[in-house]
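Just below is one structure, and these are the notes that go with it.
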Amino acid sequence: MTKARRVIVCEDEKDGAETYETLLRLCGFEVSSCQEAIGCLRKAREWSPDAAIIDIGLPGMDGYE
């Protein structure tokens, strides 16, 4: 059996994050999400995702940083 790919979602709007999570899980991905950039960076270090979906308009640190 193929291991599910991990995707981390960094989105500060709760509804947007939930939508991404639901869609990705329905497509067979393992998903984790955070609502702020620093938390997302910490989670990515410990969880080792294969990909990330990052909001570019985050408070404090934007998605480009």
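The values are calculated or read from the model by the stated rules, or taken from the named source; none is laboratory data. Keep in mind that what you see is a predicted model, and the values were worked out from it rather than measured. Note that each Cβ is placed from the backbone with ideal geometry, even for glycine, and that neighbours are counted across all protein chains shown. What goes into the accessible areas is simple: the full protein's heavy atoms, side chains included, and nothing from ligands, DNA or RNA. Shrake-Rupley method; radii C 1.70, N 1.55, O 1.52, S 1.80 Å.
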Which percent of the Cα-Cα distances in the chain go past 18 Å? 32
What nm distance separates the two modelled labels at Ile54 and Arg25, each placed 7 Å from Cα along Cα→Cβ? 2.5
Neighbours of Arg6 by Cβ distance under 10 Å: Lys/Arg at +1, Asp/Glu at -1, summed charge 0
The chain - percent relative contact order, Cα under 8 Å, separation 6 or more: 41
Kindly report, to the nearest 10 Å², the accessible surface of Leu26 as traced by a 1.4 Å probe over protein heavy atoms only. 140
Tell me, what % of the accessible area of the chain is carbon and sulfur with a 1.4 angstrom probe? 51
Kindly express, to the nearest 10 degrees and within the range 0 to 90, the angle between helix 14-26's C-alpha long axis and the longest C-alpha principal axis of the chain. 20
Unit charges at the beta carbon, dipole of the chain: most positive-side option, Val7, Ser33, Gly60: Val7
What is the helix-to-structure angle for 37-47, meaning the angle in degrees between its Cα long axis and the longest Cα principal axis of the chain, kept from 0 to 90 and rounded to the nearest 10? 30
Within 10 Å of each candidate Cβ there may be at most 10 other Cβ atoms; applying that plus a DSSP loop requirement, which chymotrypsin sites (Phe, Trp or Tyr not before Pro) in the chain survive? Tyr64
Per-residue SASA entry for Asp55, accessible area with 1.4 Å probe, Å² rounded to 10: 40
Amide H neighbours of Leu58 at under 5 Å, excluding residues fewer than 5 places away on the same chain, with H built from the backbone geometry, are Gly63
When ligands, DNA and RNA are left out and all protein chains stay put, how many square angstrom of accessible area per residue does the chain have with a 1.4 Å probe? 71
